[in-house]
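K.L.:
Below is one structure. I have some questions about it.
Coordinate-derived values only; no laboratory data. These figures come from a predicted structure and were not determined experimentally. Don't worry about glycine lacking a Cβ; one is built from the backbone with ideal geometry, like all the others, and counts go over all protein chains shown.
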Amino acid sequence: MGKLAFKDFVEVVFINELSSLMTEGAKDVPVNNIKYRYHIFILIAVGIETLGAALDKYSWHYKDAGSRKRFNKALSCYQSLKKYTGVDLYEKLRCGMAHVYVPKYGLGINMRSEGGVHNKINNQKLLLHIEDLFNDFIEACQELIDNIDGKKKTLTLGSKAYKDVFLEIPD
């Protein structure tokens with residue numbers, strides 16, 4: 001990978017690589033199945049926090065920036081993620097999946113083909129379909145890129161989002 005600016009990281013890792021996971025193995029599994037859907041939920045949950053971190057003035061790893069604050073700021077600022085405010089996705093999705101690889105009580109995760117209504121209460125649980133969450137996350141990533149490029153002015157970004165080197169992997 002070498003050196004990546006934050007914008008490039010979002011394009012390569014969040015958009016391109018997650019898109020590959022959404023389609024990988026599709027020919028090897030039953031129709032309408034997403035082979036790595038469970039893992040994609042985890043990656044999106046952590047990725048939402050990264051999108052929120054782009055909105056504050058603190059360094060990427062500043063310990064007092066607040067994981068919950070960054071996650072919830074992403075939900076309240078990115079247009080495609082606003083529909084997820086008010087249901088404590090930080091606790092149910094991000095913390096559950098990031099810490100013990102299982103969503104917390106009150107959250108169900110599946111695919112559209114498995115039924116239920118996305119982002120609504122189904123059988124006493126908030127239900128998320130991976131296809132819808134994925135599409136909303138990718139839209140948020142594109143909104144971020146468009147703001148970095150100056151094509152949109154819907155977000156107030158921290159200066160770190162514009163730096164030339166976000167990630168550096170030695171050769």
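K.L.:
Treat the count of other C-beta atoms within 10 Å as a stand-in for reagent exposure and order Cys95, Cys141 from fewest to most.
P.N.:
Details: Cys95 18, Cys141 22.
In increasing order of surrounding Cβ atoms, one gets Cys95, Cys141.
K.L.:
Which FRET efficiency, nearest 0.05, do Glu114 and Ser20 yield, Cβ-Cβ r, R0 30 Å? It would help to have the intermediate numbers written out before the result.
P.N.:
On the way: r = 22 Å, r/R0 = 0.74.
The calculated FRET efficiency here is 0.85.
K.L.:
Please determine, in degrees from 0 to 90 and to the nearest 10, the orientation of helix 37-53 with respect to the longest principal axis defined by the Cα atoms of the chain, where the helix direction is its Cα long axis.
P.N.:
30 degrees
K.L.:
Ranked from highest to lowest mean number of other Cβ atoms within 10 Å per residue, what is the order of the peptides 148-160, 119-131? Kindly include the intermediate steps, with their values, before the conclusion.
P.N.:
Details: 148-160: 12.7, 119-131: 16.2.
Result, highest mean first: 119-131, 148-160.
K.L.:
Determine one quarter of the surface area of the Cα convex hull of the chain, which equals its mean projected area, and express it in nm² to one decimal. Working shown, then result.
P.N.:
Values: hull surface 43.4 nm².
Spelled out: convex hull of the Cα atoms, projected over all directions, averaged, 10.9 nm².
K.L.:
Take every Cα pair under 8 Å in segment 111-171 that's 6+ residues apart, average their separations, divide by the length, and report that relative contact order as a whole percent.
P.N.:
Values: 34 pairs, mean separation 10.9, N = 61.
Across segment 111-171, relative contact order equals 18 percent.
K.L.:
Still on this structure, please answer the following. Once you charge only the Cβ atoms, +1 for Lys and Arg and -1 for Asp and Glu, what is the size of the charge dipole of the chain about its Cα centre, to the nearest 20 debye? Working shown, then result.
P.N.:
On the way: 24 positive and 21 negative charges, 134 e Å.
It works out to roughly 640 debye.
K.L.:
Give me the distance between the Cα centres of segment 52-85 and segment 115-139, rounded to whole Å.
P.N.:
That distance is 20 Å.
K.L.:
Tell me the angle of helix 67-77 to the major Cα principal axis of the chain, expressed in degrees between 0 and 90 and rounded to the nearest ten.
P.N.:
Helix 67-77 sits at roughly 90 degrees to that axis.
K.L.:
While we're on this one: State which entries of Lys73/Lys125; Lys3/Lys35; Lys35/Lys163; Lys69/Lys153; Lys63/Lys120 exceed 28 angstrom in Cα-Cα distance in the structure shown. Walk me through the numbers on the way to the answer.
P.N.:
Values: Lys73/Lys125 23 Å; Lys3/Lys35 30 Å; Lys35/Lys163 35 Å; Lys69/Lys153 22 Å; Lys63/Lys120 33 Å.
From Lys73/Lys125; Lys3/Lys35; Lys35/Lys163; Lys69/Lys153; Lys63/Lys120, over 28 Å: Lys3/Lys35; Lys35/Lys163; Lys63/Lys120.
K.L.:
Over the chain, what is the mean sequence separation of C-alpha contacts under 8 Å (at least six apart), divided by residue count, expressed as relative contact order in percent? Don't skip to the end; give the middle numbers.
P.N.:
Details: 234 pairs, mean separation 55.4, N = 171.
Relative contact order of the chain: 32 percent.
K.L.:
Same structure, new question: With each run of n ≥ 4 DSSP H residues scored as -39500 (n - 2.57), what mean residue ellipticity at 222 nm is computed for the chain after dividing by its residue count and rounding to the nearest 500 deg cm²/dmol? Numbers along the way, then the final one.
P.N.:
Details: 6 runs with 62 residues, N = 171.
It comes out at -11000 deg cm²/dmol, rounded to the nearest 500.
K.L.:
When you count, for each residue, the other Cβ atoms within 10 Å and take the mean per peptide, how do 100-112, 79-91 rank with the highest first?
P.N.:
On the way: 100-112: 15.5, 79-91: 17.1.
Descending mean neighbour count gives 79-91, 100-112.
K.L.:
Next question, about the same structure. If you plug each phi of segment 119-127 into the Karplus form 6.51 cos²θ - 1.76 cosθ + 1.60 with θ = phi - 60°, what whole-Hz ³J(HN,Hα) values come out, in order, with x for Gly and Pro?
P.N.:
Rounded to whole hertz, the list is 6, 10, 6, 10, 6, 6, 10, 5, 9.
K.L.:
Also, I was wondering about something else. Considering the dipole of the chain built from charges on the beta carbon (Lys and Arg +1, Asp and Glu -1) around the Cα centre, which of Ile148, Asn123, Val100 is farthest to its positive end?
P.N.:
Asn123
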